[in-house]
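Accompanying notes for the structure given below.
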Amino acid sequence: MIFGAVLGGFLLDAVFGDPAWLPHPVVLMGRCITALENHLRTALPKTPQGELVGGGVVAAVLPLGTLAVTGLACHLAAALHPALGLALQMFWCAQALAAKGLVQESRNVYRELVKGDLPAARRAVARIVGRDTQALTAEGVTKAAVETVAENASDGVIAPLFYMLIGGAPLALTYKAINTMDSMLGYKNEKYLYFGRCAAKLDDAANWLPSRLAALLWVAAAALTGNSARGAWRIWRRDRHNHASPNSAQTESACAGALGVQLAGPAYYFGEYYDKPTIGDPLRPIEPQDILRANRMMYAESVLALVIGLAVRLLLAG
């Protein structure tokens, strides 16, 4: 069933993406995180120890709860009829993947840049990045879009695909729960330094192997799409640790090397300045077309990951 669910889910995402009218599990996960956080902050002492405990409870309850609920739902659906079980797994596998949505959102940024509408481009990129975008130049908007395509190729496509190949939709959605917690709580600011620590560490652990597989696949994808595989390999080897996260620079560095541009560097988040290191060499100025090039590499590595993953499953099953 997992083979069919993964293949079907991948194709559903590639064709339909995430329609805005369709309820998404990540939205429900976000509401659960907010409710748990509000309750635990009220119930526990407002001390570093109290916040660590509260954040630890959230980091345990949400993934385990997601695994239990989705696993039970898939089991009951399959018990009613195998086709129903397969359909539910395919549907949730598609929702765990974000390739089509990532391409759509980044292409919106590209279109506004090409039209020369910088305010609209800033608004478009603000939908997919966490940094402040109000003062970004056209170059800054382009860099932000390319970076988010590269980073989300790992945690929006390769990582959920990795986990669904192991444990189907329930494990893929459990990963999404971990990733959603990190995106909401995993900040090193005054509010979340302690409360979000467990969520951030759990996300680091869950992404450690997938992010490195994603980087290697990106090198291969660079060769397949006419970009520089040699540059991707060289910059990945050199700059893959140029980020506070142990995982975020893995695919960003491969992307920067493949394109021959420089990514990352200082940025503002919630009005606070972060002096982040750069990734890659500025062999040429970055341009809007690089967004499309990054999308092509992201799609190429996604297909590679699917083919290799399904082949490994078949070999193990045989």
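Among the lysines, select those whose C-alpha is under 27 Å from the C-alpha of residue 46, and discard any that sit fewer than 8 residues away in the same chain.
Those lysines meeting the cut-off are 188, 191, 201.
Give, to the nearest whole percent, the P(r) tail of region 1-125 beyond 20 angstrom, counting all Cα pairs. Don't skip to the end; give the middle numbers.
Numbers: 4827 of 7750 pairs.
Result: 62 percent of Cα pairs exceed 20 Å.
Can you tell me, using C-alpha contacts under 8 Å and at least 6 residues apart, the relative contact order of the chain as a whole percent?
20 percent
How many angstrom lie between the Cα centre of region 68-88 and the Cα centre of region 173-218?
28 Å
Averaged over all directions, how much area does the convex hull of the C-alpha atoms of region 196-288 cover when projected, in nm²? Numbers along the way, then the final one.
Working: hull surface 27.0 nm².
It is 6.8 nm².
Relative contact order of region 215-318: what whole-number percent is it, with Cα pairs under 8 angstrom and at least 6 residues apart?
Numbers: 154 pairs, mean separation 27.0, N = 104.
Over region 215-318, the number comes to 26 percent.
Please report, as a whole percent, how much of the solvent-accessible surface of the chain comes from carbon and sulfur atoms (probe radius 1.4 Å).
Reported share for carbon and sulfur atoms: 65 percent.
Calculate, for region 71-111, the solvent-accessible area per residue in square angstrom, rolling a 1.4 angstrom probe over the heavy atoms of the protein chains.
Numbers: 1900 Å² over 41 residues.
Accessible area per residue: 46 Å².
Of [x] 30, 23, 18; [y] 41, 22, 18; [z] 30, 26, 18, which one was derived for semi-axes √(5λ) of the Cα gyration tensor in Å from the structure shown?
Matching entry in [x] 30, 23, 18; [y] 41, 22, 18; [z] 30, 26, 18: [z].
Calculate, for region 154-300, the solvent-accessible area per residue in square angstrom, rolling a 1.4 angstrom probe over the heavy atoms of the protein chains.
41 Å²
Rounded to the nearest 0.05, what FRET efficiency do residue 268 and residue 27 have when you use their Cβ-Cβ distance and R0 = 25 Å?
Plugging the Cβ-Cβ distance into 1/(1 + (r/R0)^6) gives 0.40.
For region 137-215, state which trypsin sites (Lys or Arg not before Pro) are in a DSSP loop and have at most 10 other beta carbons lying within 10 Å of their beta carbon.
Loop-located and lightly packed - none at all.
Find out how many positive minus negative residues lie around residue 204, taking Lys and Arg as positive, Asp and Glu as negative, among other residues whose Cβ is under 12 Å from that of residue 204.
Once positives and negatives cancel, what remains is -1.
Do any chymotrypsin sites (Phe, Trp or Tyr not before Pro) in region 1-106 lie in a DSSP loop with no more than 11 other beta carbon atoms within 10 Å, and if so, which?
21
The values are calculated or read from the model by the stated rules, or taken from the named source; none is laboratory data. The model shown is predicted, which means the values in this text are computed figures rather than measured ones. Please note: Cβ atoms are built from the backbone with ideal geometry, for glycine as well, and neighbour counts cover all protein chains shown. Heads up: the accessible areas ignore ligands, DNA and RNA and are worked out on the full protein's heavy atoms, side chains in. Shrake-Rupley method; radii C 1.70, N 1.55, O 1.52, S 1.80 Å.
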